Amino acid sequence: MVNYAYLIPLFPLAAFVINVFWGRRLKSNSAPVAILAMLGSLAISCLILKEVIAGKTLEQSWEWFKVGRYSFEAGFLVDPLSAMMLCVVTLVGILVEIYSIGYMRGDGRYHLFFAYLSLFIFSMLGLILSNNLIQTYIFWELVGVCSYLLISFWFEKKSAADAGKKAFITNRIGDAGFFLGLSTLFYYLGTANFARISQRLAHHPEGLSQGVLTLAAVLIFCGAVGKSAQFPLHVWLPDAMEGPTPVSALIHAATMVAAGVYLVARSYAVFAAGHLSLEVVSYIGIITSFMAGSIALVQTDIKRILAYSTVSQLGYMMIALGTGGYSAGVFHLMTHAFFKALLFLCAGSVIHACGVQDIRQMGGLFGKMKVTATTCLIGCLAISGVPPLSGFWSKDEILLSVYNSGNRVLYVLTLTVAFMTAFYMFRLLFLTFFGKPREKLHIHKPAPTMDWPLIVLAIFSIFSGFVGSPFLGHAFSHFIYFHPEHVEPNHMVMISSIIVGLAGIALAWVFYILSPGIPAVLAKNFSPVYNLLLNKYWIDEIYDRCIIQPFLRLTKFAFSFDRYLIDGAVNLAGTSCVAVSRVKGWIDKYIVDGLVNLIALVVGALGEVFRRLQTGLIQNYILLIFTGVVVMVFLLRFI
C-alpha cells in the first residue's frame, strides 16, 4: 500500500478543485465532497501505517529538472515519522470538516471554506510526504498561502484581513531563513534529499565545517520559528484567532504550526551535526514556552488563551528536540494534536452557543452544554499532564529528556511551564463552565455534527498516550526513534510532573471557585507584573516602534524622494525638452520655413514676370531689345 502514498494528498486536492469550480451548484453538498475525500486519505494513511509498523518503508524519486551539475528531484518518503503524521493530519482534518458542517452553516461562502480547508490539508500532506528540502519548501509556502486565505476568510472584518496579512508577512521572515538554509546545504552537499543528506553528514564531507552546518541548521530553524510561532516570530498566532474556529483548530493542532516542529524533526540529522544548533532550538523553545504560558495566565478571550497555550506547547516540543529527546518531541506533537483540536472545537461550540468569547461573561455552562463541558474537561486534564491521559505520557517524556540533559535551570523552567499550563487551562474551564452565570446569555444548542468530533477527539486524548507508556514497552519511541538509546525511567521526574500539574489545578480551583476575589486583589497588588503579562510583554508595541514605524517612515521618505526629487528631476528634464522642442519648432516653422517660402515666392514672382514677357510676338522682343540698349547707353553715358 505504501506505493500508493501519493494518492493521500490527491484526494483533498480533487475536493478543492470540485468545490472551487462547482461549489456554487453543490451548495451544502460541498461539505460531503471534502469529507469523502478526507475519508479516502485517512483510509490509505491507516493502511500505510499498518505496513510501516510491520517494518516496510519506501522512498521514490524522479528527476524534475537539471541545472549544470545539480539535479532537482521530486518524490515521496514513507517512514515511521511521515506515516504517523499522515494519520494524525487526516484524522484531525476529517473531524474538523465534520464539525464545520454545523459551525459554518449559513455562511455565504460555505463552499469556498471547504475548498480552502481541502487545499490546506493537501498542502500539509504534501509537506509530510516530501523526501527533499526543496519540495518541502514548495509545500511549506503553499501552507502559508492557505493560512492567509483561511485566517482572513471573513475579510469583511478589518481585524481578520489584518490578521491574515500579519500571519503571511511574519512567516515570510522565517521562510527567507529557511530558503537560505536549504540553499546552503544544497550548495555544500549537492543534494536536498533527506536520506542522502544524512548519509553524507555521517561521512563528514570535506569543505563542510561545523560553522557552516550550524549556520544551515539555524537558518532552517528560522523557518520553523515562523511557522511554529516561536519567539521572536510568535506574534502572528494569537491574532490568527480572527479566522473561523475550525480553522484555528486545524492550524493549531495538525497543520501549520505542526509544520515547524515536523521540519526540525525531519531535518534532525543536520541539527545533530551542527555545533550548538540544538542548544539554540532548546533555548528558543524555553523562552517561547515560558513567555506564552505566562501571557495565557491573564488572557480573557477563550481563543487567545488556547492560542498562547499552543505557542507554549510548541515551545515544549522544541525543548525536547533541542535536548536530544527526538521521540519525546514527536510524541508530544501527536498527543497535542488531539487534545488541542478538542479544546479549540470546544471553544468553538461555546462561542457558537453564547455569541461571546470573553470568559468573564460566561459561567455555569456545564449543565447546558454537557458534551462540550465534559470533553473540554478531558482536554484540560490531558494538556495539564494528569495521568493516565495522553498529555501525561508525552509531557513526562519531555521532562525526562530535559532532566537527562543535565541542565537543571532548563528543567526547573520546564516544570514551571507545566504548572502554568495546568493553572490557566483550568482557569478557562472553571470560568466558562462552573460557577454561576455572570451574564444572561441565550444558549444555542450545538448541532450533532459539532458534538461527535468532540467525543472522538476526547477518546484519542485519553488513550493515544498509551502507545508511549511503559505498559506497551514505550512502543512509540521504538517506532519513531532517531537515536536508538535506552532511557531509564525516572520516578522523581514523573512524580514532579504529576505534582506540578495537580498544584496548578488546585490553585485554579482556589482562585476561581473557592475565593474568586483573589485574582483581582493580586492584579491590583502586582499591577506592574499584571500589566506586563496583559500587554504580552509589549512585544507588538516594541516591534511597532522599533521596526514597523521606522520602516514606514523610511518608505514614506523613499516615496517622497522618488516623487519630488527623482520624478521632479525627470519631469523638469521632460518639461525643458518640451520647451526647447517648441522653440525649435517655432524657429523651424516661422524662420527657416519662412525664408524658404520667401525665396520660393520671389523666384515664383520673377518666374511669373518672365513668363509674361514670353509673348511670342517679334515686335515685343524688338521693343525689349531697343529698351535694353537705351538703358545701357544711358547707364554708360551718365554713370
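The values are calculated or read from the model by the stated rules, or taken from the named source; none is laboratory data. Predicted model, so just to flag it, every value in this text is computed and none were measured. As a convention, Cβ positions derive from the backbone with ideal geometry for all residues, glycine included, and neighbour counts pool all protein chains shown.
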Condition check: in a strand (DSSP E or B), in contact (Cβ under 8 Å) with a residue 60 or more places away in the chain and either within 23 Å of Phe179 (Cα to Cα) or in contact with a strand residue (DSSP E or B) (Cβ under 6 Å, 6 or more places away or on another chain) (or both). Does Glu59 satisfy that? yes
I'd like to check something: does the range 255-276 contain any residue that is assigned to a helix (DSSP H, G or I) and in contact with a Cys (Cβ under 7 Å, 6 or more places away or on another chain)? no
If Ala167 meets every condition in (1) among the small types (Gly, Ala, Ser); (2) closer than 26 Å to Val247 by Cα; (3) at pLDDT below 90 apart from one, which number is that one? (3)
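Would you point out the residue of the range 230-246, among those that are aliphatic (A, V, I, L, M) and at pLDDT 90 or above, that is surrounded by the fewest Cβ atoms within 10 Å (Cβ to Cβ)? Spell out how you get there, then give the answer.
Initial filter on the range 230-246 (aliphatic (A, V, I, L, M)): 233, 235, 237, 240-241.
Now restrict to residues that are at pLDDT 90 or above: 233, 235.
Details: Leu233: 22, Val235: 17.
Once the filter is applied, the top-ranked residue is Val235.
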Can you tell me which residue in the range 334-386 is farthest from Val493 (Cα to Cα), limited to those that are touching a Pro at 6+ places or on another chain (Cβ under 8 Å) and hydroxyl-bearing (Ser, Thr, Tyr)? Ser349
With within 10 Å of the chain's Cα centre (by Cα) and surrounded by 24 or more Cβ atoms within 10 Å (Cβ to Cβ) as the only criterion, which of Ala253, Ala259 stands out? Ala259
Six or more apart or on different chains, Cβ atoms under 8 Å: show the pairs whose first residue is in the range 1-16 and surrounded by 17 or more Cβ atoms within 10 Å (Cβ to Cβ) and whose second is not in a helix (DSSP H, G or I). Val2/Lys56; Val2/Thr57; Val2/Leu58; Val2/Val78; Ala5/Leu58; Ala5/Phe76; Ala5/Val78
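Being among the aromatic types (Phe, Trp, Tyr) and within 16 Å of His111 (Cβ to Cβ) is the filter here; which residues of the range 9-57 pass it?
Of all residues in the range 9-57, those among the aromatic types (Phe, Trp, Tyr) come to 11, 16, 21-22.
Across the range 9-57, the qualifying residues are Phe16, Phe21, Trp22.
Provide a single number: the residues in the range 50-67 that are within 17 Å of Ile134 (Cα to Cα) and not charged (D, E, K, R).
Start the filter on the range 50-67 by keeping residues that are within 17 Å of Ile134 (Cα to Cα), which leaves 59-67.
Now drop any that are not not charged (D, E, K, R), which leaves 60-62, 64-65, 67.
Residues that pass the stated criteria total 6.
With the condition kept exactly as written, say whether any residue in the range 171-190 is within 17 Å of the chain's Cα centre (by Cα) and under 17 Å from Arg109 (Cβ atoms).
No, every residue in the range 171-190 fails to be within 17 Å of the chain's Cα centre (by Cα) and under 17 Å from Arg109 (Cβ atoms).
Could you pull out every one of the helices (runs of 4 or more DSSP H) wholly within the range 517-570 that has 3 or more residues that are out of contact with any strand residue (DSSP E or B) (no Cβ under 9 Å at 6 or more places or on another chain), touching a residue at least 40 places away in the same chain (Cβ under 8 Å) and exposed (fewer than 12 other Cβ atoms within 10 Å of the Cβ)? I'd like the intermediate steps shown before the answer.
Details: elements: 518-525, 527-534, 539-543, 549-560.
Correct list: empty, since no element meets the threshold.
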Sole miss for Ile319 among (1) crowded, with 24+ Cβ neighbours inside 10 Å; (2) at pLDDT below 95; (3) among the β-branched types (Val, Ile, Thr) is condition (2)
Residue that is nearest to Tyr268 (Cα to Cα), among those in the range 52-89 that are modelled with pLDDT of 85 or more, surrounded by 15 or more Cβ atoms within 10 Å (Cβ to Cβ) and of a type in the set (Gly, Ala, Ser): Ser82
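Does Ser45 satisfy the criteria of being of a type in the set (Gly, Ala, Ser) and closer than 26 Å to Leu149 by Cβ? Explain how you work it out, then say what you get.
Numbers: of a type in the set (Gly, Ala, Ser): yes; closer than 26 Å to Leu149 by Cβ: yes.
Considered against the rule, which asks whether it is of a type in the set (Gly, Ala, Ser) and closer than 26 Å to Leu149 by Cβ, Ser45 comes out as yes.
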Gly293 versus (1) touching a residue at least 60 places away in the same chain (Cβ under 8 Å); (2) farther than 22 Å from Phe344 by Cβ: which is the lone unmet condition? (2)
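Per-residue answers, yes or no, for (1) modelled with pLDDT under 90; (2) within 26 Å of Phe290 (Cα to Cα):
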| residue | (1), (2) |
| --- | --- |
| Glu439 | yes, no |
| Thr449 | yes, no |
| Phe460 | no, no |
| Trp509 | no, yes |
| Val521 | no, yes |
| Ser527 | no, yes |
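Go through Gly435, Gly367 for me and flag whichever is assigned to a loop (DSSP other than H, G, I, E, B) and free of Cβ contacts under 8 Å to residues at least 40 places away in the same chain. Break it down stepwise before answering.
Details: Gly435 fails: free of Cβ contacts under 8 Å to residues at least 40 places away in the same chain.
Answer to the selection: Gly367.
Would you confirm, using the coordinates I've provided, whether Lys340 is charged (D, E, K, R) and closer than 19 Å to Gln230 by Cβ? Give the steps one after another, and end with the answer.
Values: charged (D, E, K, R): yes; closer than 19 Å to Gln230 by Cβ: yes.
The answer is yes for Lys340.
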Looking for something crowded, with 20+ Cβ neighbours inside 10 Å and part of a strand (DSSP E or B) - is there at least one such residue anywhere in the range 25-36? no
Pick from the range 169-198 the residues that are among the β-branched types (Val, Ile, Thr) and closer than 23 Å to Cys146 by Cβ: which of them is surrounded by the fewest Cβ atoms within 10 Å (Cβ to Cβ)? Ile169
Only residues that are over 30 Å from Lys166 (Cα atoms) and of a type in the set (Gly, Ala, Ser): list them for the range 540-598, please. Gly568, Ala569, Ala573, Gly574, Ser576, Ala579, Ser581, Gly585, Gly594
Which numbered condition Gly108 fails, given (1) within 17 Å of Asp451 (Cβ to Cβ); (2) over 23 Å from the mean Cα position of the chain (by Cα): (1)
Inter-residue pairs, beta-carbon under 7 Å, first touching a residue at least 60 places away in the same chain (Cβ under 8 Å) and within 22 Å of Gly243 (Cβ to Cβ) and in the range 351-364, second hydroxyl-bearing (Ser, Thr, Tyr) and part of a loop (DSSP other than H, G, I, E, B), 6+ apart: Ile359/Thr300
Checked the range 70-97 for anything over 16 Å from Tyr4 (Cα atoms) and not in a helix (DSSP H, G or I); matches are Tyr70, Ser71, Phe72, Glu73
